[in-house]
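S.K.: Got a structure for you, questions after.
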Amino acid sequence: MEDKQGSGDVVHSGISVRAAEIVVAVILLGLGGLVVYDSVRLGFRWVGDGPEAGYFPFYIGLFICIASLITLGQVLFGKTRGDHQVFVAWEQLKLVLSVLVPAAFFVLGIQLVGIYLAAAAYIAFFMVWLGKYNWIKSVLLGIAVSIVTFMMFEIWFKVPLFKGEFNPLSIIGY
Amino acid sequence: MEEINALFHGFSVALTPFNLLLMFIGVTLGVLIGVLPGLGGANGIAILLPLTFAMPPTSAVIMLSCIYWGALFGGAITSILFNIPGEPWSVATTFDGYPMAQQGKAGEALTTAFTSSFIGAFFAVVMITFLAPLVAKFALKFGPPEFFAVFFLTFCSFIGMGKEPPFKIVAAMMLGFALAAVGIDTVTGQLRLIFGWHELMRGFDFLIAVIGLFGIGEILLSMEEGLSFSGRTAKINMRIVIETWKKLPRFWLTSLRSCIIGCWMGITPGGATPASFMSYGIAKRMSPDGAKFGTGMAEGVIAPETAAHAAGTAALLPMISLGIPGSPTAAVLLGGLLIWGLQPGPLLFVEQKDFVWGLIASMYLGNIAGLIIVLTCVPLFAAILRVPFSIIAPVIIVICAIGAYTVHNAMLDIWLMLLFGVAGYAFKKLAYPLAPLVLALVLGDQAESAFRQAMLMSQGDVSIFFSNGLVSSIMGLGLLMLVWPFISRLKASMRKNAA
């Protein structure tokens, strides 16, 4: 580990490529295992009238397992990938999460109060939090985007979007 | 001659005022999509697909394919003015395009890029016009074993031609097949891989995967780089365009070579991105000015742009003639065919003449419309990029969420989109390719049913895939592609030992 200096001149700390590779390969291995497991349950053999339902997926699952095992082996025992490489630096991860976490809340918001209200709130929040815009401007833009979307989908194209489990828009008849 | 007649019939189908309007709307939307980070050809079309359900199929496919042309054009704008490739296939365009813009020749660079794109696309469309009917006629003789062999070849090509580690390509591809298998088995009616979760009965729709993997994944990636746009301004007027056009014929050889590389890479599912890099590399090696590449040579813009567009267009050939798409975007268009009630495959040329030839004619017209729009509206599109990322990012995520929801009107799909977004981010960073995953998800059911039918024909004997000259040569080619990474590694190590 110490003999490979100079590979990265600027040292960023973060999640290493190695760790990320292992996590992804293990997840894929697990998924492959699930596919094989369910294919065996369904039957993966050739019976009198043709292949059973699990025949094709069984091999697919098997290939996923084999491919991810090899990748895992290459990461664990191969010499090609240095431990120094950073998959994502903490600084970068913070930025990525600052998009991802609000996005998850946005989707939760859709589930509860529908796309239109959630979108207005999400855009406004994002602008204030990351863009440092003032509240009034952000809220106005959020609402404007929502209204345009509403006009486009509900009125022009007549494609109703999800209004949420509590549907606050029912008070205006939608 | 038959093709020419059919093509003129196609023009009469495509040239209605309504379709022309859709063409211009499509190209404009497409350029927008190409310019904005997080929205690209594949997911842009996926998001807009549900809006076309009510349109006649021909008009719908014209609009959607024009979005595709627009997206191909749009990628060049950000590459040249901002040094940010709007699309992966325009990465190579930044090498010489951005230096040109820095030297104050942005207008010239853009004109060169757009004209090259147009030439590349045009070459590919001419090829499609004459080759697609032949391929389709030939493919009418195909039975299930031959179709499975073509699927096999398609997927093996990803392994043989991909730059990523081969086992990662296999893993990504097989994951796509596994996701495609989720839900009701079409043959036995059994529920597969849902583990008692009945909302999964519908299976995973590839449109959701495309929106998540490409859209959300791309936003997360751009966020990481902490995007701050600082671009050059461009002026394009008629004088610059004509002066640039006067210079271009000198590079006819580079153009032609790039067209051929692009067509080849587009039909075999290598795709536009490797085509653009390959073409740039070869032009650099062959040109007398090769050493000056990277400092703002027009030739360095011509080569990747021509090849990328030729590849992007040629990817539609296997889609319309065999029902097998050559790129994720072609796959989304193919999904559209199914939704509009058309069965993709060689029969399309027999049963849906209006549709096929209308589409082919619209490729000619759409590219002309595209060239006009990009040459006249560059400042407008460049202005969009000056909207701060903190406004664009949430708006794009909202658009993606709406797109994901409208596919099946299912809330679960929005959550899945988010999950695919995270997966897309990780996959991209770890060099797991997304294109084979998406294509496997689209073609999984068809590949499986071709496989099962073939196996039924032979009562479970695998040798049916080598039972006649045609099927065994396609399978043989596929197997060669499959082992290609190992052969080339072996060759490389032998060369190293010899040296």
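Coordinate-derived values only; no laboratory data. Quick caveat: nothing in here was measured; it's all calculated off a predicted structure. All Cβ positions, glycine included, derive from the backbone under ideal geometry; neighbour counts span all protein chains shown.
S.K.: Sticking with the crude label model, points 7 Å out along Cα→Cβ, report the distance from residue B:102 to residue B:5 in nm, one decimal please.
M.R.: With each label point 7 Å from Cα toward Cβ, the separation is 5.8 nm.
S.K.: Please work out the C-alpha center-to-center distance from the stretch A:91-151 to the stretch B:74-126 and express it in whole Å.
M.R.: Between the Cα centre of the stretch A:91-151 and that of the stretch B:74-126, the gap is 33 Å.
S.K.: Turning to a different aspect of this structure: Excluding residue B:433 itself, calculate the net charge of residues whose Cβ lies under 10 Å from the Cβ of residue B:433, where each Lys or Arg counts +1 and each Asp or Glu counts -1.
M.R.: Working: positive: B:163, B:168, B:428; negative: B:164.
That works out to +2.
S.K.: Below 28 Å, Cα to Cα, which lysines can residue A:94 reach? Residues fewer than 8 away in the same chain don't count.
M.R.: List returned: A:132, A:137, B:168, B:428, B:429.
S.K.: Please give the average number of partner chain Cβ atoms lying within 10 Å of the Cβ of each residue in A:96-105, rounded to a whole number.
M.R.: Values: counts 8, 2, 2, 12, 9, 0, 3, 13, 3, 0.
Partner Cβ neighbours, averaged per residue: 5.
S.K.: Same structure, new question: Apply the a/c threshold of 1.5 to the C-alpha gyration tensor of the protein assembly as shown and tell me whether it is rounded, prolate or oblate.
M.R.: Values: a/c = 1.17, a/b = 1.09, b/c = 1.08.
In terms of gyration-tensor shape, rounded.
S.K.: Sorted by average packing, counted as other Cβ atoms within 10 angstrom per residue and highest first, what order do A:164-171, B:30-37 take? Intermediate values should be presented prior to the final figure.
M.R.: Values: A:164-171: 13.2, B:30-37: 25.9.
Per-residue mean Cβ counts within 10 Å order the peptides as B:30-37, A:164-171.
S.K.: Calculate the mean, over all residues of peptide A:36-45, of how many other protein chain Cβ atoms lie within 10 angstrom of the residue's Cβ.
M.R.: Numbers: counts 1, 2, 8, 4, 0, 4, 6, 2, 0, 1.
If you average over the peptide's residues, the count of other-chain Cβ atoms is 3.
S.K.: So which trypsin sites (Lys or Arg not before Pro) in the stretch B:155-209 end up in coil per DSSP with only 14 or fewer other C-beta atoms within 10 Å?
M.R.: Qualifying residues, ordered by number: B:163.
S.K.: For the stretch A:143-158, just list the computed ³J(HN,Hα) in residue order, Karplus coefficients 6.51, -1.76 and 1.60, θ = phi - 60°, integers in Hz, with x standing in for Gly and Pro.
M.R.: With the stated coefficients, the stretch A:143-158 comes to 5, 4, 4, 4, 5, 4, 4, 4, 4, 5, 7, 6, 9, 7, 8, 6 Hz.
S.K.: Identify the residues of the stretch B:246-276 with backbone N under 18 Å of a label point that sits 7 angstrom from the Cα of residue B:488 along the Cα-to-Cβ direction, or state none.
M.R.: Correct set: B:261-276.
S.K.: What does the charge count around residue B:181 come to, taking other residues whose C-beta lies under 11 Å from its C-beta (Lys +1, Arg +1, Asp -1, Glu -1)? Spell out each step's value before the answer.
M.R.: Values: positive: B:192; negative: A:38, B:185, B:445, B:448.
Value of the local net charge: -3.
S.K.: Moving on. Given the C-alpha centroids of the stretch B:136-163 and the stretch B:292-354, what is the distance between them in whole angstrom?
M.R.: 16
S.K.: Let me ask something else. Indicate the gyration tensor shape class of the stretch A:90-172 (rounded, prolate or oblate), computed on the Cα atoms with a ≥ b ≥ c the square roots of the eigenvalues: a/c under 1.5 is rounded; otherwise a/b larger than b/c is prolate and the rest oblate. Kindly include the intermediate steps, with their values, before the conclusion.
M.R.: Numbers: a/c = 2.37, a/b = 1.66, b/c = 1.42.
Prolate is the answer for the stretch A:90-172, as a/c is 1.5 or above and a/b outweighs b/c.
S.K.: Moving on to the next point. Rank-order B:301-308, B:240-247 by packing density, defined as the average count of other C-beta atoms within 10 Å over each peptide's residues, highest first. The partial results should precede the final answer.
M.R.: On the way: B:301-308: 35.1, B:240-247: 13.9.
Per-residue Cβ counts within 10 Å, averaged per peptide and sorted highest first, yield B:301-308, B:240-247.
S.K.: Mind jotting down the three principal axis lengths of chain B based on Cα atoms? Whole angstrom, largest first.
M.R.: The Cα atoms of chain B stretch 68, 58, 52 Å along their principal axes.
S.K.: How about the stretch B:111-178: which chymotrypsin sites (Phe, Trp or Tyr not before Pro) there are in a DSSP loop, with at most 14 other Cβ atoms within 10 Å of their Cβ?
M.R.: Details: sites: B:114, B:118, B:122, B:123, B:130, B:138, B:142, B:147, B:148, B:151, B:152, B:155, B:158, B:167, B:177; in loops: B:142.
Loop-located and lightly packed - none at all.
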